[in-house]
Amino acid sequence: MRAYAGYRVGRPWHFALFLTAALSAAASRAQARLQVGFAQADITPDVTRPVWLAGFGTGRKATGIHDHLFVRVVVLSDGEKRIALACADLIGLQYPETVRIRRESKGVDYVLVASTHNHAGPDVVGLWGPTPRESGLDPQYLDLVVHRTAKAIRDACARMQAAKACYGTAMNRSLLKDVRLPVALDPVLRVLAFHHPGDDRLLGIVVQWNCHPESMDSGNTLITADFVKWTVDQLHRRYGVPIVYVSGAIGGLLTTPDEMRIGGRTFKTGQWGFAEAYGRAVGQLAEEALQNAEPVNVTPISVAARPLVVPVVNGRYQTAHRLKVLHRPAREWTGDPEKGGRVVQPGVATQRMGVETEVACLRLGQLWVAAIPGELYPEMMYGQFQNPAEANVDFPHAPLEPTVTGLFRDRPFLFIGLANDEIGYILPKRQWDSEPPFAYGRSKPQYGEANSVGPDTAPVLMNALCRRAAELGAPGARGTEGNEYRSGG
Ligand SMILES: [Zn+2]
């Protein structure tokens, strides 16, 4: 439909430039101070209590455990600053839990708490209880996740050792399906691996891939980490080191293909053989990315992160807040994302509902990290926008949002979705289409808007990412501090 912007695959040309020009003696000394530590914790719920599974419809009660859920952690230090990245096999830990985990993680300057968006784990949001009017949240389970995540961060800190880093990518479009028009996806798997500086032995791997972990489908009622279990298993078996798996831009909606082949057999979604085959295929793609990897200097570490408020106009979320189905407090929307209004407790009605969340940008030496609190539509990775807009959309003249590769250009980066929060779908505003007549000649709206807090989510979050990236001197964000980024004129 629209041409894809250039992906960086394999051994991108720019690494040659980095290694000859940018890896100065000072940078080498900083790299020499790099320390890394890994740990994980089991966060499988107790299924002798009612466990409501999140991600599809309501009323899906867990009937047992197929495989265990984990939170996987990596901690990095440049000798001065220490940061942690934790990622849980859950639908999406909420910002209040991120704040609690940070409070329990003393001695770490910045903690990023992400979720894989697993659709076969307990409800940690509230929306997937026995009925739409009852919360599926178990506060006792949330406490367990908070404490074990903080403990895993402390464990990773205790295991820190000297390291050097490398970064690589590999691409496979056939492992993804976009179920919404226009077709746009991020087919690039990214790895950041750490080695011992002396003997080169591998110490651990961070893997970023961009697909909904929902391959077991809505019929499954067993707890599982979905395909991520087999991706992590495959890489652990191959390399014998800790793996931290994170989800990238999965909105839109990016899901698995309908069938996979393994051992001469064909499996369909909803079959365990499918989850295994898909997970192993992603593991193989990660192996390919590792083979392509080149040294990257990931120190010094700097972080730009700030809370902000996003307006909530979705009636379903407003009702869930009023019914206390959503457990997190709201913030009054003031019209300025960086100036939150008063706190509005669940159960209290408000005319101007907003949700407090966080956008972060990290600069790890040569590597950039974007952290967005939900399911970003991949259009905003590379700028695969409909331009001009499709006929009949609600905001055909909305400015195009800043894009991730627009900000980071050709530099190596990781994109972490569901980072520190999960507020739902993040659609390009120009694609928003909830009022008839509908785009593409459809008689019904496409699936997506129902799971988004509103049409201004993407502009608010991506403009905030642009400002955070500008604070750190990102190549495509320079000179934009304090201004709303405008792209496409
Ligand atoms: Zn989703």
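Every read-out reported here was derived from the displayed coordinates using simple, explicitly stated rules and does not represent laboratory data. Just so it is clear, the model here is predicted, and its values are computed rather than measured. Please note: Cβ atoms are built from the backbone with ideal geometry, for glycine as well, and neighbour counts cover all protein chains shown.
Given the options Pro445, Val348, Ala477, identify the residue whose Cα lies farthest towards the positive end of the charge dipole of the chain (+1 on Cβ of Lys, Arg; -1 on Cβ of Asp, Glu).
Ranked along the dipole, the leading option is Ala477.
In whole percent, what relative contact order does the chain give with Cα contacts below 8 Å and a gap of six or more residues? List each step's numbers first, then the result.
Numbers: 1268 pairs, mean separation 76.8, N = 489.
Dividing the mean separation by the residue count of the chain yields 16 percent.
Which of Gly279, Gln161, Ser105 sits farthest toward the positive end of the charge dipole of region 1-477, with +1 on the Cβ of Lys and Arg and -1 on the Cβ of Asp and Glu?
Value: Gln161.
In the chain, with Lys and Arg counted as +1 and Asp and Glu as -1 at Cβ, which of these residues, Pro96, Leu254, Val325, has the Cα nearest the positive end of the dipole, that is, farthest along it?
The Cα lying farthest towards the positive end belongs to Pro96.
Work out how much length Asp109 to Asn387 would gain on full extension: take 0.36 nm times their residue separation and subtract the Cα-Cα distance, in nm to one decimal. Could you put the intermediate results ahead of the total?
Details: separation 278, 0.36 × 278 = 100.08 nm, distance 4.11 nm.
So the chain would gain 96.0 nm between Asp109 and Asn387.
Give the residues of region 415-442 whose amide nitrogen is closer than 15 Å to a point set 7 Å from the Cα of His397 in the direction of its Cβ.
Only 430 pass the distance filter.
Express in whole angstrom the spacing between the alpha-carbon centres of region 313-365 and region 176-190.
Centre-to-centre (Cα) distance: 29 Å.
Setting aside same-chain residues fewer than 8 positions from Lys61, which lysines have a Cα under 26 Å from its Cα?
Candidates past the 8-residue exclusion: Lys229, Lys268, Lys324.
Ranking request for peptides 147-154, 41-48: highest mean number of other beta-carbon atoms within 10 Å first, then the rest in descending order.
Values: 147-154: 22.5, 41-48: 15.9.
With the highest mean Cβ count within 10 Å placed first, the list reads 147-154, 41-48.
Val246's amide H: which non-local residues (gap 5+, or another chain) put their own amide H closer than 5 Å, with H modeled 1.01 Å from N in plane and none for Pro or chain starts?
Close amide H contacts, sequence-distant or interchain: Val207, Gln208, Trp209.
Given axes a ≥ b ≥ c from the Cα gyration tensor, I'd like to know whether region 208-309 is rounded (a/c under 1.5), prolate (a/b larger than b/c) or oblate. Intermediate values should be presented prior to the final figure.
Values: a/c = 2.32, a/b = 1.40, b/c = 1.66.
Oblate, since a/c reaches 1.5 and b/c is not below a/b.
With label points built 7 Å along Cα→Cβ from the Cα atoms of Ser443 and Val348, find their separation and express it in nm.
Output for this residue pair reads 4.6 nm.
Can you work out D for the chain in µm² s⁻¹ from Stokes-Einstein, where Rh is the Kirkwood radius over C-alpha pairs, the temperature is 4 °C and the viscosity is 1.567 mPa s? Mind dumping the intermediate values first?
Details: Rh = 22.6 Å.
Answer, rounded: 57 µm²/s.
Mind ranking 426-432, 163-169 by how tightly packed they are, going by the mean number of other C-beta atoms within 10 angstrom, highest first?
Details: 426-432: 26.4, 163-169: 22.3.
Taking the mean over residues of other Cβ atoms within 10 Å, the ranking is 426-432, 163-169.
Taking a label point 7 Å from the Cα of Asp258 along the Cα→Cβ vector, which residues of region 217-240 have an amide N closer than 18 Å to it?
The answer is 217-219, whose backbone nitrogens lie closer than 18 Å to the label point.
Sort 71-82, 372-383 for me by packing, meaning the mean count of neighbouring Cβ atoms within 10 Å per residue, highest on top. Spell out each step's value before the answer.
On the way: 71-82: 22.4, 372-383: 27.0.
Ranking, from highest mean packing down: 372-383, 71-82.
At 37 °C and a viscosity of 0.692 mPa s, what translational diffusion coefficient does Stokes-Einstein give for region 98-221, taking Rh as the Kirkwood radius over Cα pairs? Give it in µm²/s as a whole number. If you can, show how the numbers build up before the last one.
Working: Rh = 18.1 Å.
The Stokes-Einstein estimate is 181 µm²/s.
From the Cα trace of region 346-400, what convex hull volume per residue do you get, rounded to a whole Å³? Could the numbers behind the result be given before it?
Details: hull volume 8.8 nm³, N = 55.
Spelled out: Cα convex hull of region 346-400, divided by residues, is 160 Å³.
Work out the length of the dipole vector of region 1-477 about its Cα centre, built from +1 on the beta-carbon of each Lys and Arg and -1 on the beta-carbon of each Asp and Glu, and round it to the nearest 20 debye. Intermediate values should be presented prior to the final figure.
Numbers: 51 positive and 46 negative charges, 117 e Å.
With Lys and Arg at +1 and Asp and Glu at -1, about 560 debye.
How much length is gained if the chain between Lys151 and Leu202 is pulled fully straight, taking 0.36 nm per residue apart and subtracting their Cα-Cα distance, in nm to one decimal? Kindly include the intermediate steps, with their values, before the conclusion.
Details: separation 51, 0.36 × 51 = 18.36 nm, distance 2.39 nm.
Additional length available on full extension: 16.0 nm.
Between Arg237 and Thr63, take the C-beta separation as r, use R0 = 51 Å, and let me know the FRET efficiency to the nearest 0.05. It would help to have the intermediate numbers written out before the result.
Details: r = 29 Å, r/R0 = 0.56.
With R0 = 51 Å, the Cβ-Cβ based efficiency is 0.95.
Once phi is turned into ³J(HN,Hα) by the Karplus curve 6.51 cos²θ - 1.76 cosθ + 1.60 with θ = phi - 60°, what whole-Hz value does each residue of region 387-400 show in order, with x for glycine and proline?
For region 387-400, the Karplus curve yields 9, x, 5, 4, 4, 6, 5, 6, 10, x, 9, 4, x, 6 Hz.
Where does the chain land at 222 nm, in deg cm²/dmol rounded to the nearest 500, when only DSSP H runs of n ≥ 4 count, each adding -39500 (n - 2.57), divided by all residues?
On the way: 10 runs with 106 residues, N = 489.
When only DSSP H runs of four or more count, the value is -6500 deg cm²/dmol.
Determine ³J(HN,Hα), in whole Hz, for all residues of region 57-72 in sequence, where each value follows from phi through the Karplus function 6.51 cos²θ - 1.76 cosθ + 1.60 and θ = phi - 60°; x replaces Gly and Pro.
x, 7, x, 9, 8, 5, 10, x, 10, 8, 8, 7, 9, 9, 10, 10
Once phi is turned into ³J(HN,Hα) by the Karplus curve 6.51 cos²θ - 1.76 cosθ + 1.60 with θ = phi - 60°, what whole-Hz value does each residue of region 175-190 show in order, with x for glycine and proline?
For region 175-190, the Karplus-derived couplings read 8, 10, 9, 9, 8, 10, 7, x, 5, 8, 8, 10, x, 9, 8, 10 Hz, x marking Gly and Pro.
Within region 362-488, what percent of beta bridges assigned by DSSP are antiparallel, to the nearest 5?
On the way: 4 of 10 bridges.
Around 40 percent of the beta bridges assigned by DSSP in region 362-488 are antiparallel ones.
Over what distance in Å are the Cα centres of region 408-461 and region 113-151 separated?
So the two Cα centres are separated by 23 Å.
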